[in-house]
Amino acid sequence: MKMFILVSMLILGLTGCASQPETSSSLIDREELKVDPEVIYTMDVKELFEKRLEQPGGERLLQVQFAVEARSDTELAWKVTWFDESGMVVRGVGEGYKKATLLTGQTRYFSSTAPNARVTSYQLHLREPK
Amino acid sequence: MLIRAFAVLISLVVLAGCSTPTRYIDPAADDGPVAMTMDYRDFEKAATDAVEDMLASGAVNNPDGGRYIMVVSRITNDTMQRIDTDQLTKKIRVALLRSGKVVTTTAVGLNGPEDAMTEKARELRDSDEFDQSGVQRKGTLQAPDLSLSGKIIQRNHKVEKEQQVEYYIQLSLTELSSGLAIWEGETPIIKRGSDKSVSW
């Protein structure tokens, strides 16, 4: 009987050790749209859409599109960072910002497609290039 | 003699102080000056545009499921610069591999295989020195479904007192079974700068 209890406790102890470490975190609420203050003075973000493109295997590829309207001639740098279900970054082709020039009153539309169907969320960052 | 040595020493110290220190550039946060020649940012832009458009268009979605096999064909450098076109194609290959939709073969190429070891490893067949259970069998290589080809074009213009350099990065993805280009893209990169700048 003692032996049985000892073995049971040992198994329970080992099961406890084998549990998966906590991988999710809710420390930070990640904003989908992050606009630097310098950009707000010169342009407005008018639209932000997301779409899921159907893939043959039943997966869906995330695509985002945003529109900005310039109040004066200005330059913009933007980048989309992609995240999987666990909140980990999914790497695309490059890490650099894309640059665009806007004329006064002009509305421009930009879009970006996720690098992999694992992507479930994103963060769009708009900033003013130096 | 001592005065001359002292003057040379002072000059060297002053020159060393004036020189720009060498530093690392982080590609994720590089707002540095733009060169008239093609730099890594231009290749990154062209590769990003190409891959995102390929994925969004569905051209690299294999209807039978699984991954397409791509081979890199000729990318012609029609610029005044010495460009290794792998700077462009490698980014595209890596991104397509990460997408899970396309894998590139290194066993076939216009000028022979990119990795000659695929063939070399097969020369071990019937060698008494090697355990034959680990030697690659016949008929295991995968033939490509798609071919990536393209051209980089450069045009120079004089605009008033400035110079305008236009680069066009043109790419085609050909379905080898039909010979049809199932995806095509062009990324123009236009730069305007001092007429004294050199773009070659």
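Just so you know, all these numbers are worked out from the coordinates, no wet-lab data involved. Keep in mind the model is a prediction, meaning the values are calculated, not measured. Reconstructed Cβ throughout: ideal geometry from the backbone, glycine too, with neighbour counts over all protein chains shown.
Here is how the numbers come out for the structure above:
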read-out: Whole-angstrom gap from the range A:37-99 to the range B:52-110, using each part's C-alpha centre; value: 23 Å
read-out: Calculated FRET value between B:ASP64 and B:LYS161, using beta carbons and R₀ = 41 Å, to 0.05; value: 0.10
read-out: Most mobile listed residue (B:PRO113, B:PRO188, B:PRO27) in chain B, GNM with C-alpha springs under 10 Å; value: B:PRO27
read-out: Ranked list, fewest to most other Cβ atoms within 10 Å of each Cβ, for B:GLU123, B:GLU162; value: B:GLU123, B:GLU162
read-out: Relative contact order (%) - criterion: Cα under 8 Å, at least six apart; region: chain B; value: 22 percent
read-out: Share of alpha-carbon pairs per 10 Å distance bin for the range A:29-127, given as whole %; value: 15, 46, 28, 10, 1
read-out: Ranked packing of A:94-101, B:29-36, most packed first, by mean Cβ within 10 Å; value: A:94-101, B:29-36
read-out: Fraction of beta bridges assigned by DSSP in chain B that are antiparallel (%, nearest 5); value: 75 percent
read-out: Fraction of beta bridges assigned by DSSP in the range A:29-127 that are antiparallel (%, nearest 5); value: 90 percent
read-out: For chain B, size of Cβ-based charge dipole, Lys and Arg +1, Asp and Glu -1, in debye; value: 580 debye
read-out: Within the range A:29-127: Cβ-based charge dipole about Cα centre, in debye rounded to nearest 20 (Lys, Arg +1; Asp, Glu -1); value: 240 debye
read-out: Where N is the number of residues in the protein assembly as shown, Cα Rg divided by 2.2 N^0.38 Å; value: 1.36
read-out: Dipole moment magnitude, nearest 20 debye, the range B:70-142 about Cα centre, only Lys, Arg, Asp, Glu C-beta charged; value: 520 debye
read-out: Within a Gaussian network of chain B (alpha carbon springs, distance under 10 Å), most fluctuating of B:THR104, B:THR118, B:THR20; value: B:THR20
read-out: Kirkwood Rh, Cα atoms: Rg over Rh of the range B:105-200; value: 1.28
read-out: Averaged over A:116-122, number of beta-carbon atoms from partner chains that fall within 10 Å; value: 2
read-out: Residue among A:ALA67, A:GLY57, A:PHE110 farthest towards the positive dipole end of the range A:29-127, charges placed on Cβ; value: A:GLY57
read-out: Length gained when the stretch B:GLU175-B:GLU129 is fully extended (0.36 nm per residue, less Cα-Cα span); value: 12.4 nm
read-out: Cα gyration tensor shape for the range B:37-76, rounded if a/c is under 1.5, else prolate or oblate; value: oblate
